[in-house]
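Just so you know, all these numbers are worked out from the coordinates, no wet-lab data involved. Not measured: the values here are computed from a predicted model. Positions of Cβ are backbone-derived with ideal geometry, glycine not excepted, and every protein chain shown enters the neighbour counts.
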Amino acid sequence: MPPKSALPDTVYAISSFIWDDDDNIEGLQPTEVYKTLAAANTAAKKMMARYAEMLNPYGTIDEYNFHHDENDEGLYHGHMDGGPHGHVATRIRVCKTTLNAGGDTQPAKGKRAIKSDPDEEAPRPSKKRAAAPSNTAVKHAKTGRKVIPQGQPDCLAGLKLLFTGTFDNMDRKTSVATAMKYGAEVISKLEDTDYIVIGTRAGPNKLREINEKELETISEEEFFQILENGIPQEKKGRMENRRLADRNESPEEDDEEEEEEEEEKPKKPKRRAPVKRGAK
């Protein structure tokens with residue numbers, strides 16, 4: 001449906017809401033206002049892609065499922081789900097709004113925020129969380145813990161971890177910071193992990209890939225146990241064997257690459273040695 005031309009007193013506002021483990025991000029986001037429907041619809045789609053990058057800094061936006069639609073008036077409404085948590089992460093809608101014309105002493109409401117181009121710099125997400133019902137203040141901790149245990153320095157040294165899903169005692173930033181604090185490396189490539197720490201509501205596509213590749217997973221409680229007791233010796237042995245196998249494969253690949261490079265290099269013509277003439 002082709003966008004309708006907006007009347008002088010009509011604008012198009014984008015409203016959006018984010019669900020995330022991080023209390024500083026979750027909630028209603030700042031409204032963006034545009035002069036035309038086409039500009040607002042374009043900006044709404046770009047906003048969703050921007051949110052996907054922000055909510056999954058250790059992965060890719062391909063982990064999300066994007067749903068773009070328009071109603072009978074051509075107003076955009078969409079949402080995205082999946083990603084590291086496996087649930088709806090954001091909803092975005094474009095609404096048509098009629099401005100208050102105002103009098104000589106009262107400026108028209110909303111004019112200061114109106115945009116004409118979706119490529120204009122968008123405001124950063126609000127750091128304030130939307131008010132939550134009082135019964136959500138206390139959450140049941142399935143691990144039976146109220147705090148993250150303290151580990152010995154470098155007790156996770158050498159581990160390659162990936163966190164996915166929602167955890168009882170850790171949000172996304174806390175889980176990554178805790179792992180790195182004790183020497184682990186947090187990565188995004190599934191097959192390179194030593195452990196994948198899985199919480200609730202993990203993405204179904206990611207879970208399917210983990211099962212297909214038979215990758216090793218642990219729960220949040222098992223992650224805490226490793227913090228307290230260190231990496232099991234049996235696991236350390238398997239990690240050393242894997243690292244050794246990776247190192248043994250690398251030199252062969254490097255030698256093959258060097259040989260290919262040598263073959264591609266043009267051979268320099270050999271210089272003839274100067275001919276010495278005998279004295280007569």
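Find the Cα radius of gyration of segment 1-84, compare it with 2.2 N^0.38 Å by division, and give the number to two decimals.
That works out to 1.20 for segment 1-84.
Here is the link list: K45/K189; K213/K235; K173/K235; K173/K206; K45/K206; K173/K236. Which ones come out longer than 22 Å on Cα distance? The partial results should precede the final answer.
Values: K45/K189 27 Å; K213/K235 18 Å; K173/K235 26 Å; K173/K206 20 Å; K45/K206 24 Å; K173/K236 26 Å.
Over 22 Å apart, Cα to Cα: K45/K189; K173/K235; K45/K206; K173/K236.
When you count, for each residue, the other Cβ atoms within 10 Å and take the mean per peptide, how do 88-96, 72-80 rank with the highest first?
88-96, 72-80
Fewest Cβ neighbours within 10 Å first, please rank E63, E249, E185 accordingly.
By the 10 Å Cβ count, ascending: E249, E185, E63.
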